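*Asks:* Provided herewith is a single structure, encoded as structure tokens, for subsequent inquiry.
The values are calculated or read from the model by the stated rules, or taken from the named source; none is laboratory data. Keep in mind that what you see is a predicted model, and the values were worked out from it rather than measured. Note that each Cβ is placed from the backbone with ideal geometry, even for glycine, and that neighbours are counted across all protein chains shown.
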Amino acid sequence: MGLNDRGYMYSGNPDGASYRGGMNALWGLIVANAVMYLLIAQPGSEIYSSLAMYCWSGNFEFYQLITAGFLHSDFWHILFNMYGLYLFGNLVIPHLGGRNFIFLYLSGILCGNLLFLATNWHSTTSLVGASGAVCAVMMAAAMLEPDRRFMMLFMPFSPIKTSTLVICYTVIEVLTMFSGANTGVAHLAHLGGFVGGYLLIKVLFRGNTAWDPFRRKRIISWKTPESGPAPHFDRGAPVSRDELDALLDKISRYGINSLSPEELERLKRAREEMRH
């Protein structure tokens, strides 16, 4: 059975349509950033300078609050931002769909750039990058999928939960900002992105999220869209075609991070069996 034969991929299925719309929005944003960097507004060009955001004592224009979020200063800048957007975007798209995902991206850019602008009122500093948007998506992922785990090279303890990752990242941003080190990174724009993502998710879900950094108790009854195949497997038995189809369905719909350790083990076994 191919992926197009699976039920949720039909256009008549609202969940499948919402997921496809979300993925289209995600890839559309990534392509838009790539096109801006490679073809339209390369660093140092005249159009790049006109679209970057300048503070009040510079050449600030209101449209720069948005356009600056699609500019990047170098290859590594856009690479890490787009990788983060894809990584965390995959977690929130099943919950949001395409339109709300774009709103989430824009809310991160706007809140991040506005906070930076408000605290650099008399500066001639310029600001570019989608980091605020990525932080908004990261916050949304923590609120909607707090228990997903990531392997992080720069963290002393790993794998790390999404909620813990956001807390650690926020603490690092605050400490670095107050250290006085000239890193060339707009930490306030990142923190503003977290705020933008938090506020939008609160509004969209009316506070009914699995995790909230300002709530003492988490909602135990929260339902995530990752039910997939049951985690009770006979580890000694070969992987059946139905079981493999169910695992592939789950990956296609929610990403590889949705698999439990038992499901990952079965997927690896299926790959080994296919080699023989």
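For every residue, the table says whether it meets (1) out of contact with any Leu (no Cβ under 8 Å at 6 or more places or on another chain); (2) closer than 23 Å to M139 by Cβ; (3) touching a residue at least 12 places away in the same chain (Cβ under 8 Å).
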{"site": "Y48", "(1), (2), (3)": "no, no, yes"}
{"site": "N59", "(1), (2), (3)": "yes, no, no"}
{"site": "I66", "(1), (2), (3)": "no, yes, yes"}
{"site": "M82", "(1), (2), (3)": "yes, yes, yes"}
{"site": "F88", "(1), (2), (3)": "yes, yes, yes"}
{"site": "L91", "(1), (2), (3)": "no, yes, yes"}
{"site": "N100", "(1), (2), (3)": "no, yes, yes"}
{"site": "F103", "(1), (2), (3)": "no, yes, yes"}
{"site": "N113", "(1), (2), (3)": "no, yes, yes"}
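*Asks:* A further question on this structure: Tell me, please, whether a residue that is outside any loop (DSSP other than H, G, I, E, B), under 30 Å from G112 (Cα atoms) and at pLDDT below 75 can be found in the range 186-202.
*Replies:* no
*Asks:* Condition first: within 30 Å of S260 (Cβ to Cβ) and not in a loop (DSSP other than H, G, I, E, B). Can you find one or more residues in the range 145-159 that meet it?
*Replies:* yes
*Asks:* To continue, here is another question. Look at A133 and say whether it is without any contact (Cβ under 8 Å) to a residue 12 or more places away in the chain and either part of a helix (DSSP H, G or I) or surrounded by fewer than 23 Cβ atoms within 10 Å (Cβ to Cβ) (or both).
*Replies:* no
Conditions (1) under 17 Å from T125 (Cα atoms); (2) in a helix (DSSP H, G or I); (3) modelled with pLDDT under 85, marked per residue:
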site: S11; (1), (2), (3): no, no, yes
site: G16; (1), (2), (3): no, yes, yes
site: I30; (1), (2), (3): no, yes, no
site: S49; (1), (2), (3): yes, yes, no
site: F60; (1), (2), (3): yes, no, yes
site: G69; (1), (2), (3): yes, yes, no
site: F88; (1), (2), (3): no, yes, no
site: P94; (1), (2), (3): no, yes, no
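A quick yes/no check of all residues on (1) more than 22 Å from the chain's Cα centre (by Cα); (2) closer than 18 Å to M139 by Cα; (3) at pLDDT below 85:
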| residue | (1), (2), (3) |
| --- | --- |
| L204 | no, yes, no |
| T209 | no, yes, no |
| L244 | yes, no, yes |
| I256 | no, no, yes |
| P261 | yes, no, yes |
| E273 | yes, no, yes |
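*Asks:* Let me ask you something else. Can you name every residue in the range 52-76 that is surrounded by 14 or more Cβ atoms within 10 Å (Cβ to Cβ) and under 24 Å from the mean Cα position of the chain (by Cα)?
*Replies:* Scanning the range 52-76 gives A52, M53, Q64, L65, I66, T67, A68, G69, F70, L71, H72, S73.
*Asks:* Looking at the range 37-46, is at least one residue small (G, A, S), over 26 Å from A186 (Cα atoms) and either modelled with pLDDT under 95 or assigned by TED's automatic domain parsing to the domain that holds A133 (or both)?
*Replies:* no
*Asks:* For the structure I just gave you, tell me whether S163 is within 17 Å of the chain's Cα centre (by Cα) and among the polar types (S, T, N, Q).
*Replies:* yes
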